[in-house]
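To start, the structure under review is shown below, and the notes come after it.
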Amino acid sequence: MTEQDQLTTVEAKHAPQTDALTYFLRYIDVESTSDEARAEQHWPSSEGQLRLARLLQADLGRLGLTASLDENGYVMARIPSNLPPERPAGALKLGFIAHMDTAPDLTARNVRPRQVHYEGGDLVLNEEKGIVMKEALFPNLSRHRGEDLIVTDGQTLLGADDKAGVAALLALADTLQQNPDIPHGEICLAFTPDEEIGRGAHRFNLAAFGADVAYTVDGGPLGELEYANFNAAGAVVTVTGRNVHPGSAKGKLLNAALAARDYTLGFDRQDTPEHTAGREGFFHLLQFDGSVEKAVLQYIIRDFDRESFEARKQQMQRQAELLNQQLGETAVQVDIQDQYYNMEEQIRPHFYLVELAREAMRRCGVTPLEQPIRGGTDGAQLSFRGLPCPNLFTGGDNFHGRYEFLSLPEFRKLGDVLLCLVQLFAGWRPDQTAAAADTAEMRGQ
């Protein structure tokens, strides 16, 4: 019997005032897309996020909790511990984090959600406009046969990323408030802005949050348990050209657009997102703007291994040096800025977080799906600021596009897992940290 097997949990006797789906539908009705164009001057980057933040603050207040909304758009609240003072358990304050913004890839204004019972095959989202989620293109649909799904009319995002996480945390708080007999330590909740444009953790006030450890609730399909992510950097390649009348250009003209094209050809065409998976890294050319006078390339660099990540950054600089040698002048410059790092090295010393999440899933009939995040979360940055944050599933899928959907059975299962997890933490002793970590290492996790 494992240490976790000895921990007990109880079921909620009373339903929350508002269920998770009702919270979810309420929140996706508020357009809260982050806006990178406004990010330099505004926190958060969009007014819609502030509207949602105020709504969350009010909803938490209705549950009897004191919720703060700071000048940067972060909402935080705490649920006091109900453990008796003589119990040594629950010494660690447990946090949960979800983000309020939706991705700017597609509008989230006037979302028209509908519940469908999926029986297999292609799923028509909008018959009038011919928008169909084809099972052949989205094979992940096949595992949802017989389930109720929340979809859109194909003209907007759904917003499950990450309003499913937001709604699940409100439902958790609601349930705990309605069921004071469910044992739990102090629970800290946070709702962040601008995660989708990479700065959700930038002004996160760790002292105000108060948690010792936390989970982000920002994953996808059932069972996702993520504690490794890309090392990430952004690169801007600037090529300065020289324009001369084409009739007298020989030996004088330097075409920046063509030189930029030559720069891109120095990379393996297979070393890109569309040709990689799992723990494979890549270079991704996001944008190419060019003329004879000037060309600008915007790249992102991703790799799970820190040494390979550093080697990729060096490769971009070497490619510029080679091209400058060919051109006979310094026309190509590369500016690289690190964005975030692989949180796995920060999670390993606190591996009991993964062990307890596994156990909570197991008790709820969920098989943990442990895989690296081919992206990043607020938790990746917060982990390097001293708050280790694995990531949990929400039940959403096909994020950042018109084919996004939320599986209702998986979303409801998330609620079960969260409720079990807070109870496991309440019965867990901090002196089990080393044992749990050693067990994980012995299992080769």
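Some points to look at:
- Flag for Leu157 being surrounded by 15 or more Cβ atoms within 10 Å (Cβ to Cβ), assigned to a strand (DSSP E or B) and in contact with a Lys or Arg (Cβ under 9 Å, 6 or more places away or on another chain): no
- Some residue of the range 8-30 being in a loop (DSSP other than H, G, I, E, B), within 20 Å of Phe411 (Cβ to Cβ), at pLDDT below 85 and among the aliphatic types (A, V, I, L, M): yes
- Boolean, Thr33 is of a type in the set (Ser, Thr, Tyr), surrounded by fewer than 19 Cβ atoms within 10 Å (Cβ to Cβ) and farther than 17 Å from Arg203 by Cβ: no
- Only one of Gly73, Gly130 that is over 23 Å from His184 (Cβ atoms), at pLDDT 95 or above and surrounded by 16 or more Cβ atoms within 10 Å (Cβ to Cβ): Gly73
- Taking (1) under 26 Å from Gln17 (Cα atoms); (2) among the β-branched types (Val, Ile, Thr); (3) at pLDDT below 95 in turn, Ile197 satisfies each apart from (1).
- Subset of the range 193-217 [in contact with a helix residue (DSSP H, G or I) (Cβ under 7 Å, 6 or more places away or on another chain) and part of a helix (DSSP H, G or I)]: Glu195, Ile197
- For the criterion of being part of a strand (DSSP E or B), in the same structural domain as Gln333 (by TED's automatic domain parsing) and β-branched (Val, Ile, Thr), Val244 fails.
- Residue check for Leu141: surrounded by 15 or more Cβ atoms within 10 Å (Cβ to Cβ), within 24 Å of the chain's Cα centre (by Cα) and outside any loop (DSSP other than H, G, I, E, B): yes
- Among (1) over 28 Å from Gln115 (Cα atoms); (2) assigned to a helix (DSSP H, G or I), the one test that Ala167 misses: (1)
- Condition check for Ala259: surrounded by 19 or more Cβ atoms within 10 Å (Cβ to Cβ) and assigned to a strand (DSSP E or B): no
Rundown of residues vs (1) touching a Pro at 6+ places or on another chain (Cβ under 8 Å); (2) over 24 Å from Ala228 (Cα atoms); (3) not aliphatic (A, V, I, L, M), yes/no style:
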site: Gly241; (1), (2), (3): no, yes, yes
site: Ser248; (1), (2), (3): no, yes, yes
site: Ala257; (1), (2), (3): no, yes, no
site: Ala260; (1), (2), (3): no, yes, no
site: Thr264; (1), (2), (3): no, yes, yes
site: Gly281; (1), (2), (3): no, no, yes
site: Phe288; (1), (2), (3): no, yes, yes
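- The residues listed here are Thr175, Thr264, Thr238; of these, the one that is assigned by TED's automatic domain parsing to the domain that holds Thr22 and of a type in the set (Ser, Thr, Tyr) is Thr175.
- Condition check for Leu369: outside the structural domain of Glu293 (by TED's automatic domain parsing) and out of contact with any Asp or Glu (no Cβ under 8 Å at 6 or more places or on another chain): no
- Those strands (runs of 3 or more DSSP E) lying entirely in the range 270-368 with at least 2 residues under 23 Å from the mean Cα position of the chain (by Cα) and over 30 Å from Gly95 (Cα atoms): 282-290, 294-303
- Leu297 being outside the structural domain of Gly278 (by TED's automatic domain parsing), crowded, with 16+ Cβ neighbours inside 10 Å and either at pLDDT 95 or above or among the small types (Gly, Ala, Ser) (or both): no
- Residue in the range 411-418 that is surrounded by fewer than 19 Cβ atoms within 10 Å (Cβ to Cβ) and modelled with pLDDT under 95 present: no
- Verdict on Ala320 being over 24 Å from His99 (Cα atoms), touching a residue at least 12 places away in the same chain (Cβ under 8 Å) and hydrophobic (A, V, I, L, M, F, W, C): yes
- Only one of the numbered conditions (1) loosely packed, with under 15 Cβ neighbours inside 10 Å; (2) in a strand (DSSP E or B); (3) among the small types (Gly, Ala, Ser) is violated by Gly61, and that is (2).
- Residue that is nearest to the chain's Cα centre (by Cα), among those in the range 218-241 that are more than 18 Å from Glu307 (Cβ to Cβ) and in a loop (DSSP other than H, G, I, E, B): Asp218
- Gly376 vs. criteria under 21 Å from the mean Cα position of the chain (by Cα), modelled with pLDDT under 90 and not assigned by TED's automatic domain parsing to the domain that holds Gln319: yes
- Residue in the range 118-128 that is touching a strand residue (DSSP E or B) at 6+ places or on another chain (Cβ under 9 Å), within 28 Å of Pro221 (Cα to Cα) and either in a loop (DSSP other than H, G, I, E, B) or not assigned by TED's automatic domain parsing to the domain that holds Thr175 (or both) present: yes
- The condition of being in a loop (DSSP other than H, G, I, E, B), touching a residue at least 40 places away in the same chain (Cβ under 8 Å), of a type in the set (Gly, Ala, Ser) and farther than 30 Å from Asn179 by Cα holds for only one of Ser81, Ser45, that being Ser45.
- Members of the range 368-410 found to be in contact with a Phe, Trp or Tyr (Cβ under 7 Å, 6 or more places away or on another chain), surrounded by fewer than 22 Cβ atoms within 10 Å (Cβ to Cβ) and charged (D, E, K, R), listed by number: Arg374
The values are calculated or read from the model by the stated rules, or taken from the named source; none is laboratory data. Nothing here was measured: the structure is a model prediction, and the numbers come from that model. Methodologically, a virtual Cβ is constructed for each residue, glycine included, from the backbone with ideal geometry; neighbour enumeration extends over all protein chains shown.
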